[in-house]
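The values are calculated or read from the model by the stated rules, or taken from the named source; none is laboratory data. Quantities reported herein were computed from a predicted structural model and do not represent experimental measurements. Cβ coordinates were reconstructed from backbone atoms using ideal geometry, including for glycine residues, and neighbour counts include every protein chain displayed.
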Amino acid sequence: MRKTVRLLAAGILLVSGAAVAPAAADVTAPTTAVQAPALPAKTRAGALDATGYWTVEKLRNAIPADLPAGTPLKQGPSTSSGIASKPVAPLKVANDAVPSTAGKLFFVDNGLNYVCSASTINNDYKNLIITAGHCVHSGAGGAWHSNIVFAPAYYNGQSGYGLWNWSQARAFNSWIDSSDFAHDQAFVTLQQRDGANLIDAVGGNGLAWGNSQSQPGTRIWGWPAEPPYNGEVPYYCDGDTYPSGSDSALPCTMNGGASGGPWLKDRIDANLGYVFAVTSRRTTSGTPTLLSTPNTPDVKTMFDQMTT
């Protein structure tokens, strides 16, 4: 098995952010969605985001969301598989060295500023990202996060595409109620920025579901932010994933801040492909290894519910 960890470097620019409303439970699917508050009618001059909450200082000092330690899960394999959407390239690339379809996800939890990783997913509505469930909700006994913004192609405090405010977040009830790591996935719909859709601006990965834990040529993107990393530049790990219980595993030293980053298979270029899993947990002993439950049919169902 081959494994590489590489650092990406390049310079870019930053711009736009948000906050939470009452949650509404679904009757027909095991997920719950929460809507963002309405954005202000007018954004103050010089604000990085439409709510005026996020500043360069807050972005740089955001706490890396913990990449939970865990043991491999054990559950039955998926009995079906498929492709929910196909990748689409951006209209224009701001910087070739940093992936435009992945970035940092900033949010507020219990009054503190945190950061995860996330990636774009192509769908009919063109404003969708996928991340870990624990990047939008704290899990059992916790609450929804607020002021969620996505910074695609983040590099040294800047994003070549600006900050994108959230509109809706959706997570599995089993994550919300019992911190079930088999369902540690979430989707977030983003609001248009300056009249443009996210996927048109930065491109979108496809979504794969029901795949086996063994995927050759996988690439995992993330913005690790605990020492020796600082969260200011993206890293990726390349290799062939392998089964670890019902999880997919890949040796990789990324840590807190990398949660929610995409696991790409069948790449059509260096940084665009099909997301078959997102970074969920890491091992605590032996070779540093990332763990994730590959997208199940439940993830496909949740994808279908993202209709804005």
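Quick check on Gly231: is it in contact with a Pro (Cβ under 9 Å, 6 or more places away or on another chain) and on the phi > 0 side of the Ramachandran plot? Yes. For the subset of the range 274-287 comprising residues that are more than 15 Å from the chain's Cα centre (by Cα) and surrounded by 15 or more Cβ atoms within 10 Å (Cβ to Cβ), which member is modelled with the lowest pLDDT? Per the stated criteria, the residue is Thr283.
Only one entry of Gly286, Gly260 meets the criterion of being free of Cβ contacts under 8 Å to residues at least 12 places away in the same chain and either within 24 Å of Tyr229 (Cβ to Cβ) or of a type in the set (Lys, Arg) (or both), and that entry is Gly286.
With respect to Gln215, determine if the residue is of a type outside the set (Ser, Thr, Tyr), more than 14 Å from Ala118 (Cα to Cα) and modelled with pLDDT of 95 or more. For Gln215, the condition - of a type outside the set (Ser, Thr, Tyr), more than 14 Å from Ala118 (Cα to Cα) and modelled with pLDDT of 95 or more - is met.
Beta carbons closer than 8 Å, at least 6 apart along the sequence or on distinct chains, pair a first residue in the range 145-158 that is closer than 16 Å to Gly257 by Cβ with a second that is in a strand (DSSP E or B) and of a type in the set (D, E, K, R) for His145/Asp109; Phe150/Lys104; Ala151/Lys104; Tyr154/Lys104.
Would you please name the residue that is surrounded by the most Cβ atoms within 10 Å (Cβ to Cβ), looking only at residues in the range 212-236 that are polar (S, T, N, Q) and touching a Lys or Arg at 6+ places or on another chain (Cβ under 7 Å)? Per the criteria, the residue is Thr218.
Going by the conditions given, is Ser159 among the hydroxyl-bearing types (Ser, Thr, Tyr), on the phi < 0 side of the Ramachandran plot and out of contact with any strand residue (DSSP E or B) (no Cβ under 9 Å at 6 or more places or on another chain)? So Ser159 fails the test. Selection over the range 166-210 of residues that are of a type outside the set (A, V, I, L, M, F, W, C), in contact with a Leu (Cβ under 9 Å, 6 or more places away or on another chain) and surrounded by 24 or more Cβ atoms within 10 Å (Cβ to Cβ) gives a count of 2.
Among Asp266, Asp238, Asp298, which is the only one that is touching a helix residue (DSSP H, G or I) at 6+ places or on another chain (Cβ under 8 Å), closer than 27 Å to Asn123 by Cα and either part of a loop (DSSP other than H, G, I, E, B) or at pLDDT 95 or above (or both)? Result of the check over Asp266, Asp238, Asp298: Asp298. Taking the listed residues Asn271, Asn255, the one that is crowded, with 17+ Cβ neighbours inside 10 Å, at pLDDT below 95, out of contact with any helix residue (DSSP H, G or I) (no Cβ under 9 Å at 6 or more places or on another chain) and not acidic (Asp, Glu) is Asn271, with no other qualifying.
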